[in-house]
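Readers should treat all values here as calculations from the given coordinates under stated rules, not as data from a laboratory. Keep in mind it's a predicted model, so treat the numbers as computed, not measured. Cβ coordinates were reconstructed from backbone atoms using ideal geometry, including for glycine residues, and neighbour counts include every protein chain displayed.
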Amino acid sequence: MKHSESNLLLNNEWRVSPTEGVLSRGNEIVHLEPKAMDVLIYFASRPGEVISREELERDVWSGAVVGYDAITNTVIKLRKALQDNARHPDYIATIPKKGYQLIASVTYPGDHESEIDTSKLLINQSRKALLSWPTHKTGIATLAGIFVFALISLWPSTSSVIPVRNSAASPQSIVVLPFDNIGDDPKQEYIANGITQDIITDLSRLSNVLVISSNTSSTYKGKKISSIKVGTDLNVNFVLKGSIQQFGDAIRVNVQLVNSMTGFNVWAQRYDRNLTEVFSVQDEVTDSIVKALTVKITNQEKRRLAQRATASLKAYDYFQEGQKISMLRTKESFKQAREAYQKAISLDPNYGRAYGAMAITLIFDYQRGWVETPTETLDRAQVLAKKAVSLDNSTPQTYWALSFIYLTRKEYDKAEKAITEAIRIAPNYADGYGLHALIKMYLGQPQQALELNKKGMQLNPFYSWQYLFTHGSAYYMKADYNSAITELEKAQGRNQNAIQVKLFLAASYIKAGRLNDAQWMIDEIQALNPTATISDIEKTIPIADTSLKLALLDDLRKAGLPE
């Protein structure tokens, strides 16, 4: 029997049903969101063990970058469901500075095994069973901004699609794996991350090269995997690997371009330079890759490759710091990120990407209701994004930021114009296709949205929930409700912070005649945002076509969302 698929008992009291997503005790029934159930089953597979937050991120969140509160809130929800007292626990104990421990007994009724203890044998059996977890179909998310998402901070998740190799007639394809920081100072990690990101951005500007997005390549960070395996996984011809080591003011960069079919180096180089020459190294690496792949580039592409976002290494340092902090997605982290971006701007007032990144953090604050003056915040974000483009019109990220702000303001034509320019600059910009697809969906053009989204998925094979949300909502607008439910349930299983997924999923359930499921979705939405109403959604949802908007609102009304 696979324990991960069977019912179990905690303290011979609470019956846990993973496939149904519920806890039951006598006549009590408590629904658990998918991620909370995942955590509970993970705890049950290792009873008595102290489990760190890092292990939970790695094994339950699939290595995705999650904020500190995500794990804490999930454990809080579990304790609430189990009616457990954090100070005097009967089920889950917090071990200060170490993690969590399931102290309840675990029993599998009907199994030949009796109560599970912490013996090595049974723990190993449970770990093996963990690999066969089913995908949950429902879950609670925290409010992360309704209807508009930010592809700049995608959470990677392994795609269920197994790619095949490119044919001989396809463009050359490449993935740039995260460069390793092999120096003694972990603070220099930003240089390794920055070089990786910049090389990907440079190569994305070339029309004759297919470049896998950084969101996908980042999933390989710290992993020892052969280039042949990476090539097979991602359907690419070449793999770029590199490492960076700093010695005081000097830096050593080793780079290898590997043929993923043979595993042999096509080109390799070592650069011993002064730290201030790191940008020159990036340029030389990109130029060498282009030559090694025998790619023809246009004069316009040459000019774009020659342009650098900044010449200030310290400003670059602060920008990378802001990028890292903003990934936490908390109110405080966005504030700290803005401070880092402002320092970068103080050192280089012409640093366009820093202005654009700051604009995006303001939009996140606006969407989450963390600002006292929403209108002024939205206007400020627009000013910053426009300035970003005026300072740097050769980088797709600045146009992405401007498009994102315009979509939030429901200025669809301007949003589409900006994202189209981003894709023109970088034909392999996965985030650009993802945002363009979302705009098309809200414009009521679902077929075009699906086509653009598929292109983004090709460039980002380990695509995250945002792509699935766009796919699902586009199917809803095409009246293909079964396909919509399939994609939206997948999206919900990958992210707790997606209330917009639940809204479209509730509406899809109504169209499919699944009233109970739709009502459950509304219950989850109201648990997250008790003030959510039809009138609020009508004001905020950026669907341009009035008839499509009213149809969605009517489905939500039938599902039980109050006026």
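Assorted remarks:
- Exposure proxy shown here: for ASP554, ASP185, the number of other Cβ atoms within 10 Å sets the order, fewest to most, as ASP185, ASP554.
- Rounded to the nearest 10 degrees, the angle from helix 396-408 to the longest Cα principal axis of the chain is 40 degrees.
- Taking other C-beta atoms within 10 angstrom as a stand-in for reagent exposure, ILE297, ILE289 fall in the order ILE297, ILE289, fewest first.
- Filter on LYS511/LYS558; LYS387/LYS417; LYS386/LYS549; LYS35/LYS80; LYS343/LYS387 - keep pairs with C-alpha separation over 19 Å: LYS386/LYS549
- Scoring 499-506, 101-108, 247-254 by mean Cβ neighbours within 10 Å over their residues and listing the highest first yields 499-506, 101-108, 247-254.
- Segment 418-466-segment 197-211 distance, computed between alpha-carbon centres (Å): 16 Å
- Among TRP400, TRP267, sorting on how many other beta-carbon atoms sit within 10 Å of each Cβ, with the fewest leading, yields TRP267, TRP400.
- Charge dipole (debye, nearest 20) of the chain; +1 at Cβ of Lys and Arg, -1 at Cβ of Asp and Glu: 940 debye
- Positive-pole candidate from LEU240, LEU23, THR294, dipole of the chain, charges at beta carbon: THR294
- Computed helical MRE - 222 nm, the chain, DSSP H runs ≥ 4 contributing -39500 (n - 2.57), nearest 500: -16500 deg cm²/dmol
- Relative contact order of the chain, defined on C-alpha pairs under 8 angstrom at six or more residues apart (%): 13 percent
- Compared with the dominant principal axis of the Cα atoms in the chain, helix 499-511 is inclined by about 60°.
- In Å, descending, principal axis extents of the Cα set of the chain: 72, 58, 48
- Rounded to the nearest 10 degrees, the angle from helix 546-559 to the longest Cα principal axis of the chain is 30 degrees.
- DSSP beta bridge pairing in the chain, given as percent antiparallel to the nearest 5: 85 percent
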